[in-house]
Structures are given as C-alpha cells and as structure tokens.
1. Among the residues of the stretch 262-282 satisfying the criterion of being outside any helix (DSSP H, G or I) and not small (Gly, Ala, Ser), which is most open to solvent (accessible area, probe 1.4 Å)?
2. On the given criteria, is residue 48 of a type in the set (A, V, I, L, M, F, W, C), under 30 Å from residue 204 (Cα atoms) and in contact with a helix residue (DSSP H, G or I) (Cβ under 9 Å, 6 or more places away or on another chain)?
3. Where the second residue is open to solvent by 10 Å² or more (accessible area, probe 1.4 Å) and in a helix (DSSP H, G or I) and the first is under 11 Å from residue 89 (Cα atoms) and of a type in the set (Phe, Trp, Tyr) and lies in the stretch 49-66, which pairs have Cβ atoms under 9 Å and are six or more apart or on separate chains?
4. Residues being buried (at least 17 other Cβ atoms within 10 Å of the Cβ), over 17 Å from the mean Cα position of the chain (by Cα) and not in a helix (DSSP H, G or I): count how many of those fall in the stretch 38-83.
5. Output the residues belonging to the stretch 23-32 that are open to solvent by 70 Å² or more (accessible area, probe 1.4 Å) and in contact with a helix residue (DSSP H, G or I) (Cβ under 8 Å, 6 or more places away or on another chain).
6. Yes or no: residue 218 part of a loop (DSSP other than H, G, I, E, B) and surrounded by 20 or more Cβ atoms within 10 Å (Cβ to Cβ)?
7. Working only within the stretch 150-195, note down all residues that are closer than 30 Å to residue 67 by Cα, touching a residue at least 40 places away in the same chain (Cβ under 8 Å) and acidic (Asp, Glu).
8. Quick check on the stretch 150-167. Is at least one of its residues surrounded by fewer than 12 Cβ atoms within 10 Å (Cβ to Cβ), out of contact with any strand residue (DSSP E or B) (no Cβ under 9 Å at 6 or more places or on another chain) and under 30 Å from residue 44 (Cβ atoms)?
Amino acid sequence: MTKFFDQAILDRKNIEINPLLETYGKYIEKIDEALKNELSLYSESEFIEPLKYSLDGGKRIRPIILTLAAESVGKVDENTLSASCAVEFLHMESIIHDDIIDNETMRRQKDPFHIKYGYNTSVLTGDFVLGLILAISSRLDNARITKDLATTAMLMSEGEMIENRLETSEDVTFDDYLKVIEYKTATAFEVAARIGAIIANGSEEQIEALTEYGKNIGIAYQIRDDLLDWKNEDKLFNLLIKKSSDPRDVFNKMEELLKEYSEKARVGLRKIPDNEAKINLDNLIKFTSFKA
C-alpha cells in the first residue's frame with residue numbers, strides 16, 4: 001500500500017512539472033524512448049552526459065505536436081519519431097545558447113547548461129546538436145524536411161539577434177514583440193506541425209493548415225509564458241510595460257492577442273479530418289490559456 005501511495009505522489013509531482021504528461025503520456029513515452037535511442041548512437045561521445053542533462057525535464061510539446069500532426073493525417077512510424085527527435089534537439093540547442101545570452105541562473109528547477117558545464121562545453125554542445133539534427137535529416141532522406149529544419153534554425157537565430165537589438169531600443173512596439181516571438185519560438189512549433197504533416201504524406205492543403213496551427217499555437221504559447229513571467233526584467237514584454245503610461249493597457253492587449261492566436265490555431269485544424277489526434281491537437285490549445 002505504501003508503495004502504491006509513493007508512486008501516486010511521484011506521478012502527481014511529475015504531472016506538476018510537466019502538465020502534458022496526464023493527457024499525452026503515451027506520446028511522451030514513445031518520444032523519450034526515441035530520444036534515448038538517438039543518444040545511444042553516441043554513447044562513446046564526450047557529449048553524451050551533457051546531452052542527457054540537457055534533455056532531462058523537457059515538456060516535449062514540439063515533438064508531441066509533430067507526432068499528433070502526423071497521426072491526424074496519416075500514421076506514426078519510426079521516421080515520425082526520428083523527426084520528433086530532430087525538433088526536440090533544435091529546441092534543446094536554442095535553450096543552451098539562449099541561457100548563455102540571457103545569463104539565466106535557473107532552468108527547469110536546476111542549473112542552466114552553461115553553469116553546469118561551462119561556456120566552452122555549452123557552445124560546443126550546441127554545435128554537436130546541430131550535427132545530430134543533420135544526421136537525422138539525412139536518414140529521413142526528404143529535402144523538403146531538411147530545408148524546413150534549416151530555415152527554422154536560421155529564423156530562430158534571427159529572432160535572437162532582433163531581440164538583442166531591441167533590448168537597447170526606446171521604441172519597442174507590439175509588432176516588434178510579435179516578430180521576435182514568431183521567429184524565436186513559434187517557428188519551432190510551426191516546423192513541428194509541418195514536418196508531421198509532410199512525413200505522414202498529408203495533402204498540400206493539410207500541410208498548410210497544420211503549418212498555420214503550429215505557428216499560431218506557438219505564438220499563443222509564448223504570450224502566455226510572458227504573461228506568467230511578466231516581472232522578468234530580461235523579457236522583451238517588460239520593455240512594453242515600462243514604456244506604457246498604464247501597464248494595464250499592455251496586459252489587456254496581451255490577453256487579446258493570446259485569445260486571437262489561440263483561435264487562429266483552432267481555425268487551422270478545420271481542414272483536418274475528425275479523429276482522436278485532431279482532438280488532442282485542439283486540446284493542446286488549452287495549455288495556452290492564461291490564468292492570472
């Protein structure tokens with residue numbers, strides 16, 4: 001009996017850390033197994049322990065979206081799971097570098113990568129991860145997917161550069177803010193949904209519909225994150241608050257944008273056939289809702 005309650009407590013704690021586990025646990029389990037298999041290919045590498053550390057604790061929302069997108073228009077196979085690893089690695093690489101740039105002191109209730117392993121290892125690990133993504137892409141043998149992954153990596157870097165420039169600007173606008181989160185965050189959601197549709201042989205209409213879904217849920221997801229973390233001085237959103245004569249106007253605008261992009265994500269699913277995967281994609285939109 002004690003063992004049962006101990007497991008129940010552990011399960012509840014895990015769900016608190018990653019709320020997606022309760023609904024998407026079976027997908028996360030498959031994705032984590034696929035990630036483990038990818039890392040096993042490099043078990044003798046100098047990077048293996050840093051890679052394991054960096055992967056630990058992620059919510060896996062991007063690979064979940066990729067897997068569900070594939071399932072909503074076709075079937076999930078080994079290539080789908082490999083592609084899901086590629087988008088998680090892309091996210092992982094961006095976190096390693098973003099934490100250095102933002103001088104973060106905490107990530108997922110533990111030391112950020114650069115504090116744990118140092119700056120040199122952080123930069124080199126980011127480079128190694130891009131190699132992992134290329135290796136996966138070569139196995140998928142699909143030029144369209146390779147191009148989409150490459151474009152996403154470039155846009156994410158572009159978004160970081162734009163944000164760095166805007167941090168010293170006295171005239172940051174909502175359009176600037178949206179462009180940064182579209183590039184830095186939403187592109188990874190967008191490419192996840194898009195690749196899922198491509199790899200499952202969805203129609204062009206379905207591919208574009210899921211691409212729109214991914215982009216818009218990604219923007220909504222980041223807006224929600226910024227609303228929850230609005231006191232963070234390093235957030236671009238904070239600059240909008242500082243320049244406003246009434247911060248409440250900024251918060252109201254943000255909540256309007258959150259609803260707008262959440263609804264746009266839902267509209268993107270209209271051209272997808274009704275099935276369980278579509279329902280699960282729609283349910284993910286609930287995780288973009290903001291509770292003050």
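The values are calculated or read from the model by the stated rules, or taken from the named source; none is laboratory data. All figures in this text were calculated on a predicted structure; none of them were measured in a lab. All Cβ positions, even for glycine, are placed from backbone atoms using ideal geometry, and neighbour counts span all protein chains on display. What goes into the accessible areas is simple: the full protein's heavy atoms, side chains included, and nothing from ligands, DNA or RNA. Shrake-Rupley method; radii C 1.70, N 1.55, O 1.52, S 1.80 Å.
1. At the first step, the residues of the stretch 262-282 found to be outside any helix (DSSP H, G or I) are 268-275.
This time we only want the ones that are not small (Gly, Ala, Ser), so: 269-275.
Details: 269: 5, 270: 170, 271: 121, 272: 5, 273: 59, 274: 138, 275: 47 Å².
My answer is 270.
2. Details: of a type in the set (A, V, I, L, M, F, W, C): yes; under 30 Å from residue 204 (Cα atoms): no; in contact with a helix residue (DSSP H, G or I) (Cβ under 9 Å, 6 or more places away or on another chain): yes.
No; evaluated as a whole, the condition is false for this residue.
3. If the second residue must be open to solvent by 10 Å² or more (accessible area, probe 1.4 Å) and in a helix (DSSP H, G or I), no pairs are left.
4. Total satisfying the criteria: 3.
5. Within the stretch 23-32, the first condition is being open to solvent by 70 Å² or more (accessible area, probe 1.4 Å), and the residues that meet it are 23, 26, 29-30.
Within the stretch 23-32, 23, 30 qualify.
6. So residue 218 fails the test.
7. Matches in the stretch 150-195: 160 only.
8. The answer is no, given that none of the residues of the stretch 150-167 is surrounded by fewer than 12 Cβ atoms within 10 Å (Cβ to Cβ), out of contact with any strand residue (DSSP E or B) (no Cβ under 9 Å at 6 or more places or on another chain) and under 30 Å from residue 44 (Cβ atoms).
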